[in-house]
Amino acid sequence: MLSQLRPAIVSTVFFTLLLGLAYPLAITGVAQAAFPAQAGGSLIRDARGQVIGSALIGQAFARPEYLHPRPSAAGSNGYDASASSGSNYGPLNPDLAKRVKGDAAALASDAAGRPIPADALTTSGSGLDPDISPANARMQAARIAKARGADPAKVAALIDAHVEGPFLGFLGQPRLNVLKTNLALDVAFGRAHLPKS
């Protein structure tokens, strides 16, 4: 039995060091060298250089001068990156119908009689989707312009300038990153006159 125990222990220690330590460190090193921003979490910094979020993780924006993201079911109040998940409500669940109806009523003024884009009412599978559709963003442009005292055409143009096409030109749908676009809104139209919240 001892003759079998020694090779088992040596193999366990060897493969733990190789696959649990050396391999992850090597892959992390290659990723840091080849894709430093992505390997570091795709962090977004403000004008002062402070990290304010990640391009990969959605956050809550509720003030009228900003784009609002998709609804979130991640955590008790949404947008909790440590509790990433969807609501798992089925299409006939009355709680889902109640939430969608409430969200649609809240978005009625933004929609101004036009259809509300689906991503403005539905959560993503993770609850942390950082992107919204161009239609969702354009629906919010008039509210943002009014809250900022800006020309609606200029706000709409800024939104259109931040639309990203499908990945590799054919994978996915056009989208825009909410956090990046909100930072661009602050740069273009300033923050000094905005009410504090």
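The values are calculated or read from the model by the stated rules, or taken from the named source; none is laboratory data. These numbers were taken from a predicted model, which means no experiment stands behind them. No Cβ is skipped: glycine too gets one built from the backbone with ideal geometry, and neighbour counts run over all protein chains shown.
Of the residues in segment 155-173, how many are over 15 Å from R63 (Cβ atoms), at pLDDT 95 or above and not acidic (D, E)?
Qualifying residue count for the region: 7.
Go through (1) surrounded by 10 or more Cβ atoms within 10 Å (Cβ to Cβ); (2) assigned by TED's automatic domain parsing to the domain that holds D119; (3) more than 19 Å from I132 (Cβ to Cβ) and name the single condition G78 misses.
G78 satisfies all of (1) surrounded by 10 or more Cβ atoms within 10 Å (Cβ to Cβ); (2) assigned by TED's automatic domain parsing to the domain that holds D119; (3) more than 19 Å from I132 (Cβ to Cβ) except (3).
Can you find even one residue in segment 64-72 that is touching a Lys or Arg at 6+ places or on another chain (Cβ under 8 Å) and closer than 19 Å to S126 by Cβ? Spell out the reasoning first.
Of all residues in segment 64-72, those touching a Lys or Arg at 6+ places or on another chain (Cβ under 8 Å) come to 64-65, 71.
Restricting the remaining residues to those that are closer than 19 Å to S126 by Cβ gives 71.
Yes, segment 64-72 contains a residue that is touching a Lys or Arg at 6+ places or on another chain (Cβ under 8 Å) and closer than 19 Å to S126 by Cβ.
Where residues in segment 1-38 are closer than 30 Å to A188 by Cβ and out of contact with any strand residue (DSSP E or B) (no Cβ under 9 Å at 6 or more places or on another chain), which of them is surrounded by the fewest Cβ atoms within 10 Å (Cβ to Cβ)? Break it down into steps so the answer makes sense when it comes.
The first filter runs over segment 1-38 and keeps only residues closer than 30 Å to A188 by Cβ, leaving 35-38.
Narrowing the set further to residues that are out of contact with any strand residue (DSSP E or B) (no Cβ under 9 Å at 6 or more places or on another chain) leaves 35-36, 38.
Details: F35: 11, P36: 9, Q38: 13.
Taking the candidates together, the pick is P36.
Tell me which residues, restricted to segment 110-142, are of a type outside the set (G, A, S), part of a helix (DSSP H, G or I) and either touching a Pro at 6+ places or on another chain (Cβ under 6 Å) or outside the structural domain of G90 (by TED's automatic domain parsing) (or both). Before you say what the answer is, go through the steps one by one.
First, the residues of segment 110-142 that are of a type outside the set (G, A, S): 110, 114-117, 119, 121-123, 128-132, 134, 136, 138-140.
Imposing the further condition that a residue be part of a helix (DSSP H, G or I) reduces the set to 110, 119, 134, 136, 138-140.
Answer for segment 110-142, where residues must be of a type outside the set (G, A, S), part of a helix (DSSP H, G or I) and either touching a Pro at 6+ places or on another chain (Cβ under 6 Å) or outside the structural domain of G90 (by TED's automatic domain parsing) (or both): P134, N136.
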